[in-house]
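First the structure, in the form of structure tokens, and then the observations on it.
The values are calculated or read from the model by the stated rules, or taken from the named source; none is laboratory data. Every value quoted in this text rests on a predicted model; they were computed, and no experiment measured them. With ideal geometry, Cβ positions are generated from the backbone for all residues, glycine too; neighbour counts draw on all protein chains shown. Areas reflect the complete protein model, heavy atoms only, side chains present, ligands, DNA and RNA absent. Shrake-Rupley method; radii C 1.70, N 1.55, O 1.52, S 1.80 Å.
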Amino acid sequence: MPTTAPHALSDVTASDGTLRRFLHGLPGVDAVGLEARAASLGTRSIKTTAKAYAIDLAISMVDLTTLEGADTPGKVRALGAKAVRPDPTDRTTPATAAVCVYPDMVATAKEAVAGSTVKVASVATAFPAGRAPIAVKLADVREAVAAGADEIDMVIDRGAFLAGHYLKVYDEITAVKEACGTSARLKVIFETGELSTYDNIRRASWLGMLAGADFIKTSTGKVAVNATPANTLLMLEAVRDFRAQTGVQVGVKPAGGIRTSKDAIKFLVLVNETAGEDWLDNHWFRFGASSLLNDLLMQRQKLATGRYSGPDYVTVD
């Protein structure tokens with residue numbers, strides 16, 4: 001993944017003016033049409049065999065997350081064990097994609113998932129507010145990478161973005177991408193609930209991709225409005241169109257508010273119908289969640305046995 005804009009669009013980041021013209025020249029979003037399409041796709045029904053496949057796919061796409069001030073090494077180790085083997089009674093259950101923790105817990109998480117396919121993601125850049133000097137943000141990233149983080153989830157400076165300082169946001173993302181080196185993929189969090197309009201979400205999506213994001217991510221999960229079908233659909237359209245123009249594929253991660261298997265399957269339908277099958281893989285699509293995995297496991301058990309297990313069937317994170 002390039003650390004700067006792909007050649008086909010490199011001229012649009014030459015100055016603040018050219019970047020502004022490009023971003024404000026993107027087609028305006030038809031909010032009514034966007035929400036109607038998201039709602040329509042959410043009504044699709046799938047057969048039992050397809051549902052079993054979708055549940056396993058969704059489990060494999062979960063970034064199992066704990067981002068609390070009260071996090072302890074013991075809690076992170078337990079989370080790592082659950083990510084590696086979500087259902088200890090059924091070895092056919094896929095592992096999750098990653099665990100997501102604060103930078104100071106990366107080393108503990110790496111030990112917990114050692115020898116498995118599970119990645120360790122770390123939030124960084126003064127998560128969740130992103131209010132810190134750039135030197136502090138980069139130190140945050142470098143510390144996480146040095147501790148072994150496979151992925152960095154950064155937050156953009158929403159104040160700079162909303163003030164129209166697009167090149168500042170672009171430069172910050174490229175600096176973080178450079179700090180990730182070659183060992184860590186970069187997810188760029190927009191905090192869509194604070195961007196106010198769908199047009200801003202579209203602009204932020206293109207800005208993040210131009211700056212070298214490996215993933216674009218809706219939210220921190222720390223505000224009132226997080227991932228929704230509509231804002232995720234909009235971001236899926238952006239990555240689809242970006243690849244069509246540049247040949248570069250970028251992943252999408254909705255985060256926050258996705259709690260049930262029914263929710264997850266709706267999002268997978270959005271992926272399939274909008275971006276296409278190339279994104280139906282945990283290398284290109286993730287769920288940022290904590291409680292979602294438990295519901296997926298209970299639904300999986302119901303499909304296998306015909307009985308719906310209670311909440312005591314799964315661990316409480």
(request) Order these peptides, 38-44, 178-184, by their mean beta-carbon neighbour count within 10 angstrom, highest first. (result) 178-184, 38-44
(request) Using only Cα atoms, tell me the angle between helix 31-41 and the longest principal axis of the chain; keep it within 0 to 90° and round to the nearest 10. (result) 20
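For the stretch 133-268, count the residues as N, evaluate 2.2 N^0.38 Å, and divide the Cα radius of gyration by that value, please.
Numbers: Rg = 14.5 Å, N = 136, 2.2 N^0.38 = 14.2 Å.
After normalising by residue count via 2.2 N^0.38 Å, the value is 1.02.
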(message) Can you compute the modelled spin-label distance between residue 262 and residue 24, with each label point 7 Å from Cα toward Cβ, in nm?
(response) 4.4
(message) Taking the solvent-accessible surface of protein heavy atoms with a 1.4 Å probe, what is the per residue accessible area of the stretch 224-295 in Å²?
(response) 34
(message) Could you work out the relative contact order of the chain? I mean the mean sequence separation of Cα pairs under 8 Å and 6+ apart, divided by the number of residues, in percent.
(response) 20
(request) With everything on Cα atoms, drop me the angle between helix 134-146 and the longest principal axis of the chain, reported from 0 to 90° to the nearest 10. (result) 40
(message) Over the Cα atoms of the stretch 10-162, each weighted equally, I'd like the Debye log10 I(q)/I(0) at q = 0.14 Å⁻¹, rounded to two decimals.
(response) -0.92
(message) If the elastic network links every pair of Cα atoms under 10 Å, which of 148, 130, 288 fluctuates the most in the Gaussian network model of the chain?
(response) 130
(message) Using amide H atoms built in the peptide plane, which far-off residues or other-chain residues are under 5 Å from residue 255 H to H?
(response) 218, 219, 227, 288
(request) Could you point to the residue in 127, 42, 183 farthest towards the positive end of the stretch 21-309's charge dipole, with +1 and -1 charges on the Cβ of Lys/Arg and Asp/Glu respectively? (result) 42
(request) Given the options 217, 168, 82, state which has the largest fluctuation in a GNM of the chain using a 10 Å cut-off (strictly under) for Cα springs. (result) 168
(request) Using Cα centres only, tell me the gap between the stretch 121-171 and the stretch 95-116 in whole Å. (result) 20
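Suppose R0 equals 35 Å; then what is the FRET efficiency for residue 135 and residue 72 from their Cβ-Cβ distance, rounded to the nearest 0.05? Don't jump to the answer; show the numbers that get you there.
On the way: r = 29 Å, r/R0 = 0.83.
Between residue 135 and residue 72 the formula returns 0.75.
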(message) Mean-square fluctuation check for the chain, GNM, Cα pairs under 10 Å: which of 191, 237, 277 is largest?
(response) 277
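Taking 0.36 nm per intervening residue step and subtracting the Cα-Cα distance, what contour gain separates residue 222 from residue 304 on full extension? If you can, show how the numbers build up before the last one.
On the way: separation 82, 0.36 × 82 = 29.52 nm, distance 3.47 nm.
Contour length minus Cα-Cα distance gives 26.0 nm.
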(message) I'd like the per residue volume of the convex hull spanned by the Cα atoms of the chain, given in cubic angstrom.
(response) 124
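Residue separation times 0.36 nm, minus the C-alpha to C-alpha distance between residue 32 and residue 283: what's the value? Write down the numbers at each step before the final one.
Working: separation 251, 0.36 × 251 = 90.36 nm, distance 3.11 nm.
Length difference between fully extended and current span is 87.2 nm.
Got a number for carbon plus sulfur as a percent of the chain's accessible area, 1.4 Å probe?
Details: 6840 of 13110 Å².
For the chain, the apolar C and S fraction of the accessible surface comes to 52 percent.
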